[in-house]
Amino acid sequence: MQTDDAKLKGLAAPSNLSMNQTLEGHSGSVQVVTWNEHFQKLTTSDQNGLIIVWMLYKGSWYEEMINNRNKSVVRSMSWNADGQKICIVYEDGAVIVGSVDGNRIWGKELKGIQLCHVAWSPDSKILLFGMANGEIHLYDNQGSFIVKMVLSCLVNVTGPLSIAGMHWYPGSKGYVEPDCPCLAICFDNGRCQIMRHENDENPVLIDTGMSVVSIQWNHCGSVLAVAGCQRITNQDKDINIVQFYTPFGEHLRTLKVPGKQMSAVSWEGGGLRIGLAVDSFIYFANIRPDYKWGYCSNTVVYAYTRPDRPEYCVVFWDTKNNEKFVKYVKSLISVTTCGDFCILATKADENHLQYVLVLCNSIGTPLDSKYIDIVPMFVTMTKTHVIAASKEAFYVWQYRVAKKLTALEINQLLRTRKEGRERMFHIDDVPSGTGEGLMDFSRALVPTRDLICSITASDRVFIVARESGTVHRYSLPNMGLVQKYSMSCRAYQMCLNCNSSRLAIIDISGVLTFLDLEARYTDNAGQQIIGEHLNFERKDVWDMKWANDNPDLFAMMEKTRMYVFRNLDPEEPIQTSGYICNFEDLEIKSVLLDELLKDPEHPNKDYIINFEIRSLRDSRALIEKVGIEDASQFIEDNPHPRLWRLLAEAALQKLDLPTTEQAFVRCKDYQGIEFVKRLGNLQSEPMKQAEVSAYFGRFEEAERMYLDMDRRDLAISLRIKLGDWFRVLQLLRTGSGDSDDALLEQAYNAIGDYFADRQKWVNAVQYYVQGRNQERLAECYYMLEDYDGLEILANSLPENNKLLPDIARMFVTVGMCEQAVAAFLKCNMPKAAVDACMHLNQWNKAVELAKNHNMKEIGSLLAKYASHLLEKNKTLDAIELYRKANHFLEAAKLLFQIADEEAKKRTKPLRVKKLYVLAALLVEQYHTHVKNTQKGKLQGKQTEATSAIAGLLEEDSLSDNRIVDNPWRGAEAYHFFLLAQRQLYEGYVDAAMRTALHLRDYEDIIPAVEIYSLVALCGCANRDFGTSSKAFIKLESLALSPEQRQQYEDLALEIFTKHSPKDSRKADGEVFPEGGEGKLPTCIASGRPITDYQFWMCSVCKHGVQDREIAVYSFCPLCHSSIS
């Protein structure tokens, strides 16, 4: 048996005291002892008040500091959470706080108070002082009194009492759940309260029913040990006991201790042992924590708390590949595993009393979950069902796991919550198994006298144990109550064997017994009874597991030994303290959880131990020492598939094929039988040896043998089977053969895949290029964002290659329109090319493509998109869209609309002018575009004049005449409006007057009131009172209200009583002479009519400027195009 020391880790390790040294220095009896974990120092005090701090130096303990106040005796000492400060309290009320290096920080005398206990808060801001009269006072860390603590546990208690212990767990290893009670205060009368913080108004109250002498939290605040003695009711004597509680006051276990008087209790640093001071002895007891853990498909699932996070950290450790997956779970209650799956039971949230059962696979991915309204205190699962029980009721969920479904399909499955998949039963119900158990959670809240204390299930049977010892047996899956059995113990843990014929029960005091569920016997009254207690009992048992493949075989853990039983007969024990994961094929897999949870973030394969049971060890020894013949006879007498497999493998090593075949037949290994047949057909001995080496996984050896036989092809095919393509490539390069080229390509591509799977795209590209794998090459270029490489690849592909559309779509996703279009056109997909252009807003390209490929729907698409933009009030985006698509007229119409709206809003005139100019420029672009398209259509057929006429006719048929014929009208109006005002302000009043008079032609664009107000103003300024008077008459006729008209009249009266309404110049007609063909053109720089025959004309807006004026301009005054 493997008994090397590596296996004897944890509690099972030979336990000698690591050190035994008498510390000399005290002259009186030592009364107070405290340990500083951070600095590894021991502080002691004796009956004379002498305090000594001890430290370890070169393997021995020495006095580091000594202090004696000589006035009073020390009653209690406490180090704070980080070990930096110690608080010492004396019986006479003196308090001293000192630092770890021996300096006094402060001292205080609390007058008239007898102190006996002290404790620091986890953050070191508060001190609790316990008084001799049982009161507890809170002080801050400078010694100022804050408040007296409310002791809820002492309500209705009379008579004298004293504090037995105060311990405030500092949270150094995290908390069991957020806001967990951590301050324990216990009195000698057995009353105890556990508080979340010093002012907790609703603490957990416990009445331990014993006389308490000492209390202490374990290392992670999950268990409180309360030590003392209890009076036995029918005998007149006390017994020493230790009670263990959770922070929520639930009782876990009771430990009875021999001896007369227990005086103290203390936990070992890792929480796996407890030390008890009884009389003149120290007793040690091993603690087997009830870890939250499980084992499913080679994965150990375990949970632990961390100080930096409020949640539980649940680790899924794949022991086969040594990989771990971490999941953080709030308020975890339990972990349950079966087969390949695991159930995490958790609290839904703080505010709702709901709980969640989450079904996960072996890497922690949630597959399904159910919300329930009962506390899942006990959870068990089979391959088809999850059963959760509270103290009064149980919930049954027939879970389904989707095999190879997509995420979408899984979601759909989750939505269809089928009736009958979930059922709910009260423990007092008597279900017949015909469809009862509707989901009524209110039924679960009905109280019962006999509570549930444990549950277990197999594929066919579900067992519930109650506190009285009654055991219910239900059938699965229909949940009918089949039988009730009565036991004389209260079950803590139960387990069914593989054929559900026997039930193992470990009770709350660690006694293992068995119940045969099928046995029938007649009792003394002649009644036939089903279910028999087997005559078997083991004490101090803390774990057991049945074999998965033999109903009579089980392993159990007793103290620090593992026993294997066959038909209730034990084999010799094995020293170990592991928790049993799995028992099958005559092998027990066990995990050293104690070691694992010392450093849970770095699980080590050494913590998983495999034990072989005796028959397997004996068979192996026989084969090795005696030979296959005798071993075969022994296995015949003790048959088991695992033993036959052992024999088969041994015979195969020696190439004893008949024995191998027979053994494979006995263990029903069909592949093994086929392998033996194949070996039989091989002629050469070395070939057989090589095949056997490969069968046993000795691949290097097999490959060497193949190469020695000059069978490189077999070595290569072996490596291909193993997926070791790097080695395949090496082998291919060492020789030459006919099929090597195809194989080389395959190897290059496989290695490319290897790198691509690990997202090493640069390496993958090199191999894909050599393997000529264009498809994966495109993917790599895309992932590397090497779009040049992708473009070169696309250009190198032949037309209509199936890869081109994919490459084109890749270009579309990154906005590379030109390359995408080229790729789509190369594979003859013009429609997709147009869609890509539209998607990327390249509408002019889209329109061009649509026209080239005679596609009709582009116009409607354009209109649809534009209307969509207009609906969203994105008019400027719609204009830009039309402009890009060469639909200049539609863009111009929209821009004219905007200009008109802005004009109505009385916006700045310059802004309005700019809008009209933009609109007019679009119309000019439209003219140019129409001409060019007509030229293209009629190329070489007709003269230029004909094409111009054709263009004009097309314009006429398409357009809104007002916009096309006179696009610059709006721009002119606002141009003269601005020009007049500019001239007026600059003092050129005559020029301003002339310009203002032009505005009379634009009443449809600029409000008439504004025009005539400006004319009146310029008239007065230019002393043309006649013109001004006419403008006033017009204004009075335009007035909207009588008040307004009155204002105009008053102003006119005021002006024209002083000045006669006559012009100082010639009449209007003479100012603006008519040209031979009607009106003369107007200079847009000065507002004067152009009388010369030579003047400058803008090539864009076709407006003129007098030659003498244009010299000062670089841009056209109206349309702002540059003057060439």
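Its DSSP H runs of at least 4 residues, each contributing -39,500 (n - 2.57), put the calculated 222 nm mean residue ellipticity of the chain at -10000 deg cm²/dmol, to the nearest 500. Once both labels are positioned 7 Å from their Cα atoms along Cα-to-Cβ, the gap between D990 and T233 label points is 13.0 nm. Legend: residues K668, K545, sorted from most to least accessible area (1.4 Å probe; ligands, DNA and RNA excluded), read K668, K545. Computed extension length for A1008-E1049: 13.0 nm, one decimal, from 0.36 nm per residue of separation with the Cα-Cα distance subtracted.
Ranking A81, I574, L596 by how far each Cα lies toward the positive end of the dipole of the chain (charges on Cβ) leaves A81 at the top. Note on the stretch 572-641: with neighbouring protein chains present and a 1.4 Å probe, carbon and sulfur make up 42 percent of its accessible heavy-atom surface.
These residues, E779, E177, E24, go from largest to smallest accessible area, 1.4 Å probe, as E24, E779, E177. If R0 equals 30 Å, the separation of the Cβ atoms of T384 and N322 corresponds to a calculated FRET efficiency of about 0.45. For the stretch 36-92, the carbon plus sulfur part of the accessible surface works out to 48%, probe radius 1.4 Å. Under 5 Å from the amide H of S334 lie the amide H atoms of A345, each residue being 5 or more positions distant or on a separate chain, with H modelled from the backbone and absent for Pro and chain starts. Modelled spin-label separation between E64 and Q1094, with each label point placed 7 Å from Cα along the Cα-to-Cβ direction: 11.0 nm.
Our note on the geometry: Cα centres of the stretch 1028-1054 and the stretch 113-175, 95 Å apart.
Measuring with a 1.4 angstrom probe and ignoring ligands and nucleic acids, V430 comes out at about 110 Å² accessible.
On the beta carbon distance between S18 and D540, with R0 = 22 Å, the FRET formula returns roughly 0.35. Between T928 and A1021, the distance separating the two model label sites (each 7 Å from Cα on the Cα→Cβ line) works out to 3.7 nm. Here H839 sits with roughly 130 square angstrom of accessible surface, probe radius 1.4 Å.
Heavy-atom accessible area with a 1.4 Å probe sorts D236, D373, D543, largest first, into D236, D373, D543. Label zone of F634 (point 7 Å out along Cα→Cβ, amide N under 20 Å): in the stretch 656-674 this covers 656, 659-664, 666-667. Helix 787-796 and the longest principal axis of the Cα set of the chain meet at an angle near 80°. The angle separating the long axis of helix 725-734 from the principal Cα axis of greatest extent in the chain is about 80 degrees. Near L252, the amide H atoms lying under 5 Å from its own belong to F244, Y245, T246; only residues 5 or more places off or on other chains count, and H is placed 1.01 Å from N.
Taking all protein chains as they are arranged and a probe of 1.4 Å, the heavy atoms of W267 leave approximately 30 Å² accessible to solvent.
Per-atom-type breakdown for the stretch 192-314 gives carbon and sulfur 48% of the accessible area (1.4 Å probe, protein chains only).
Could you give the accessible area per residue of the chain, probe 1.4 Å, as a whole number in Å²? Per-residue accessible area for the chain comes out at 51 Å². What do you get for the angle between helix 774-784 and the principal long axis of the chain? Use alpha-carbon atoms, 0 to 90 degrees, nearest ten. With both axes taken from Cα atoms, the answer is about 90 degrees. Annotation: amide H-H contacts under 5 Å for D543 (H modelled 1.01 Å from N, sequence separation of 5 or more, or interchain): M557.
Zone of L445 (label point 7 Å along Cα→Cβ, backbone N under 15 Å): which residues in the stretch 355-371? It comes to 355, nothing else. Kirkwood's formula applied to the C-alpha pairs of the chain gives a hydrodynamic radius of 40.9 angstrom. Between T434 and D549, the FRET efficiency from the beta-carbon distance, with R0 = 25 Å, is close to 0.15.
The values are calculated or read from the model by the stated rules, or taken from the named source; none is laboratory data. All values reported here derive from a predicted model rather than from experimental measurement. For neighbour counting, all protein chains shown are included, and Cβ atoms are generated from backbone atoms with ideal geometry for every residue, glycine included. Side chains included, ligands, DNA and RNA excluded: accessible areas come from the protein's heavy atoms. Shrake-Rupley method; radii C 1.70, N 1.55, O 1.52, S 1.80 Å.
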